[in-house]
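To start, the structure under review is shown below, and the notes come after it.
The values are calculated or read from the model by the stated rules, or taken from the named source; none is laboratory data. Everything numeric here is computed off the predicted structure, so don't read it as measured data. Note: ideal-geometry Cβ built from the backbone for every residue, glycine included; neighbour counts use all protein chains shown. We work out accessible area using only protein heavy atoms, side chains counted, and drop any ligands, DNA or RNA first. Shrake-Rupley method; radii C 1.70, N 1.55, O 1.52, S 1.80 Å.
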Amino acid sequence: MSDAFTTRVLNIATGSDERVVDITGDCESFLREAAAGREGLLNVFVPHATAGIAVIETGAGSDDDLLSTLHTLLPADDRWQHRHGSPGHGRDHVLPAFVPPHATLPVVDGRLALGTWQSVCLVDTNVSNHNRQVRLSFLGGVGEA
């Protein structure tokens, strides 16, 4: 594979609680090797039907606010037609319509071009799936930086 496109899969243990996992550091580490100072795009994709990728502020309560808002919008009760798994699991399958399973982000000089308070996060409300994969793919210009 050429250096114009590079990919890596992260394995993330999310445990048995709903979580917002900040993966910004993993993205930056990947880009140090893959982008090597170049410009391009980072695609972050979670290949699961019950998880998503969000670009939000973390550490100031926004991650907890996101989970609380998802509970309001998508209650874990018996209203869902999709009924296998833990109670309310059907809502987990609706989550990607609100928190998509992907984000494409600009890379400038080999670094994520995020705003001051933005972080790249895996959002996982499925308490029955304790392990997730996230695929990071860099698409950038060929040649030296």
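Quote the relative contact order of the chain in percent (integer), defining contacts as alpha-carbon pairs under 8 Å separated by 6+ residues.
Computed value for the chain: 51 percent relative contact order.
Using the Cα centre as the reference, give the magnitude of the dipole from point charges on the C-beta atoms of the chain (Lys, Arg: +1; Asp, Glu: -1; all else neutral), rounded to the nearest 20 debye.
Dipole about the Cα centre, nearest 20: 420 debye.
So what is the calculated 222 nm ellipticity per residue for the chain, using -39500 (n - 2.57) for each DSSP H run with n of 4 or more, over all residues, to the nearest 500 deg cm²/dmol?
Helix-only estimate at 222 nm: -7000 deg cm²/dmol.
Students sometimes get this wrong: rank Asp22, Asp124 by accessible area, probe 1.4 Å, all chains present, largest first.
The residues order as Asp22, Asp124, largest area first.
Can you give me the accessible area per residue for the chain, using a 1.4 Å probe, in Å²?
About 52 Å² of surface per residue is accessible.
Across bins of 10 angstrom width beginning at 0, how are the C-alpha pair distances of the chain distributed, in whole percent?
Calculated over all Cα pairs of the chain, the distribution is 12, 39, 30, 14, 5, 0 percent.
Are there trypsin sites (Lys or Arg not before Pro) in the range 44-93 that DSSP puts in a loop and that have at most 12 other Cβ atoms within 10 Å, and which ones?
Here the trypsin sites (Lys or Arg not before Pro) that fit, given the DSSP loop and packing criteria, are Arg79, Arg83.
Taking all protein chains as present, what is the carbon and sulfur share of the accessible area of the chain, in % to the nearest whole number, probe 1.4 Å?
Looking at the chain in its full context, I get 51 percent from C and S.
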